[in-house]
Every structure is written in C-alpha cells, then in structure tokens.
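The values are calculated or read from the model by the stated rules, or taken from the named source; none is laboratory data. As the structure is a computational prediction, the values presented were derived from the model and not from experiment. Here the Cβ positions follow ideal geometry from the backbone for every residue, glycine too, while neighbour counts run over all protein chains shown.
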Amino acid sequence: MGGQMMGLENFGAINFNHASEIHRHTLDRQHGPEFLKNQKNNPLPIIFINLDNDVERREVMERGFQRQGIKYERFSAVPGSSLSQKDLERICPNRRLWWRSAPLSLGEIGCFLSHKKTLQRISEGPHPVVCVLEDDVILNEELFEVIETVQVPPRIGIIKLEGSTGAVPRLSVRVASVGRWSIEVFGLPKWRSAGYIVTRLAAKTLVSKLDNIYGPVDQVLFEPWKTGVIVAEIRPFPTKQVGRDSSIDRELDGGRRLDARQFILLLIRWFIGHLWMMRHFSRFRKVGGS
C-alpha cells in the first residue's frame with residue numbers, strides 16, 4: 001500500500017497560460033452583470049464540512065451560526081477509515097510523498113474527498129458563489145463581516161479566509177477591498193483549507209482536476225499554475241483554524257527547522273508560483289485598477 005515515492009513529475013505539467021485560457025471564454029459568463037447582481041442581492045451561502053460522529057464540533061458550529069442568525073448547510077464529511085483497500089488504491093495509488101517521511105493518512109484522504117464532494121455539489125448547484133468552512137474554523141465577528149460584504153473580483157476563483165502563519169516572502173497584487181481588508185493574489189497561496197469562498201465555475205474546474213489524490217487538499221486546491229483557478233486571500237485573514245494542522249504547517253508555524261525535502265518542496269512551489277505570478281502580473285493589476 002506504500003507504493004512508490006512520488007517524483008517531481010507529480011507536480012504536473014506547468015502551463016503558465018492555462019489560467020488565462022480557461023478564463024478567456026468564461027469570464028463574461030462568470031462575472032457579467034447578472035453574476036455581480038446576484039452577489040449583491042443574495043446572502044452568501046455557507047456550507048460547513050463535518051464528520052457524522054463529531055457531534056461536539058457540529059454543535060459548536062451550529063451555535064455560532066445561530067447566534068448570528070445566519071443560514072448554513074452541513075455537509076457530511078467522508079471518513080477515511082471507511083474506505084476499502086480497493087478504493088484507496090484507486091483514488092490514491094501512491095500515498096507516500098517524496099517530501100515527507102509519513103504517507104498520506106486516512107484522515108487526510110478523507111479530508112481531500114470531503115472537499116472534492118463539496119465542490120462537486122457546488123458545481124452542480126444554483127449558487128454562483130459559496131463559502132466553504134471546515135468544522136474547526138473560528139466563527140468570529142470578522143469572518144461574518146467579510147462573508148456578508150465580500151464581492152468576488154473578476155478572474156478570481158477562490159478567496160481564502162484563513163491560512164498558515166509561516167513568514168515566507170511572497171509577491172502579491174491587490175485586486176479589491178472589503179471594508180478594512182484587502183483581497184490580494186499571491187504567487188504562493190498559504191496552506192490550510194478551513195475557510196474559503198469559491199465560485200461555481202472554479203468548483204467545476206477543480207473537480208475535473210482532482211481525479212487522483214497526489215497530496216494534502218490544502219496543497220492541491222491552491223496551486224493555480226496547475227488547476228487554472230486563480231486564488232486570492234483576504235488580508236489580514238479574518239479567522240483561523242484550530243485543532244488541526246497540515247503536515248507542513250506544523251513545521252512552518254512551530255518555528256522548527258524544515259528537513260531537506262520539505263525545504264526543497266517549499267522552494268519548488270515558491271519559484272513555480274512566482275513565475276506564474278509574474279506571467280499574469282499585468283492582468284492582475286488591471287483587475288485591481290492599478
């Protein structure tokens with residue numbers, strides 16, 4: 001079940017024109033007048049992902065939504081432990097990643113599948129924009145303020161609401177403002193997937209790219225140079241995740257030294273992301289009105 005170590009080829013073909021090609025024929029449909037009118041006139045739908053047996057976290061989330069009088073929908077998460085050996089071999093043929101010693105855990109595989117199924121549902125649903133939350137994100141006033149006021153800028157497919165705190169220098173372009181926050185596109189989006197806003201078109205695109213599991217979901221979802229889905233962040237982040245970290249976050253946020261393989265991964269993603277960013281820099285500046 002361990003499989004072979006995943007090589008650099010699993011980063012996929014890097015196509016710096018991919019994002020612009022996708023959006024060239026879909027932008028008018030996604031961000032036309034009707035799309036923006038829909039955003040302004042309708043509350044942003046919220047889906048939170050929660051395991052059926054995690055009643056405590058479910059109750060915490062529901063109380064938080066109810067205190068604010070906000071409508072929400074719970075999506076039943078996929079428990080990785082429920083997958084058969086045959087299913088695991090089909091959807092995750094190589095659980096060992098070249099950049100870390102431990103293979104992908106059943107929990108990480110279940111988390112990946114939970115987000116994929118949530119995105120599938122969004123892609124087939126009636127809402128042009130949806131907020132996705134995991135059940136260990138902090139529901140605070142800042143988060144609800146952003147959710148109630150945010151407008152997705154043109155060309156943006158995902159807006160991250162939280163992320164890792166590692167202090168890695170990153171190139172960014174500001175594309176919009178939300179009250180006291182800014183919406184910025186970064187060459188290297190932050191890890192973690194506990195809170196993000198996604199368009200229906202981006203969800204459809206992502207689902208088509210996630211046939212096999214080749215890494216943690218908080219890595220795979222936020223690689224625009226591979227998926228063609230442009231990722232932005234609310235800065236500063238209005239909320240944060242508690243209780244769980246991605247495997248690399250524990251190293252970056254804990255102040256401990258990265259081992260050689262993790263450092264190589266960070267460098268590869270940094271250079272690929274910033275090359276992609278520079279390729280589209282002028283496009284993002286136009287979005288931001290700079």
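Consider the range 218-228 and keep the residues that are over 11 Å from Gly273 (Cα atoms) and either outside any helix (DSSP H, G or I) or small (Gly, Ala, Ser) (or both). The one that is modelled with the highest pLDDT is Leu221. Just give me the residues in the range 126-146 being in contact with a Lys or Arg (Cβ under 8 Å, 6 or more places away or on another chain) and more than 13 Å from Ile46 (Cβ to Cβ), in sequence order. Matches in the range 126-146: Pro128, Asp136, Ile138. Among the residues making up the range 140-156, those that are assigned to a loop (DSSP other than H, G, I, E, B), in contact with a strand residue (DSSP E or B) (Cβ under 8 Å, 6 or more places away or on another chain) and within 25 Å of Ser114 (Cβ to Cβ) are Val150, Val152, Ile156.
Screening the range 160-217 for strands (runs of 3 or more DSSP E) wholly inside it with 2 or more residues that are within 17 Å of Gly228 (Cα to Cα) returns the ranges 181-186, 195-199.
State whether the residues of the range 229-238 include one that is of a type in the set (D, E, K, R), touching a residue at least 12 places away in the same chain (Cβ under 8 Å), part of a helix (DSSP H, G or I) and surrounded by fewer than 22 Cβ atoms within 10 Å (Cβ to Cβ). Within the range 229-238, none of the residues are of a type in the set (D, E, K, R), touching a residue at least 12 places away in the same chain (Cβ under 8 Å), part of a helix (DSSP H, G or I) and surrounded by fewer than 22 Cβ atoms within 10 Å (Cβ to Cβ). Restricting the range 109-142 to residues that are of a type in the set (Asp, Glu) and touching a Ser or Thr at 6+ places or on another chain (Cβ under 8 Å), which is nearest to Asn53 (Cα to Cα)? The residue in question is Glu134.
Right, Leu88: at pLDDT 50 or above, over 24 Å from Val198 (Cβ atoms) and not small (Gly, Ala, Ser) or not? So Leu88 passes the test.
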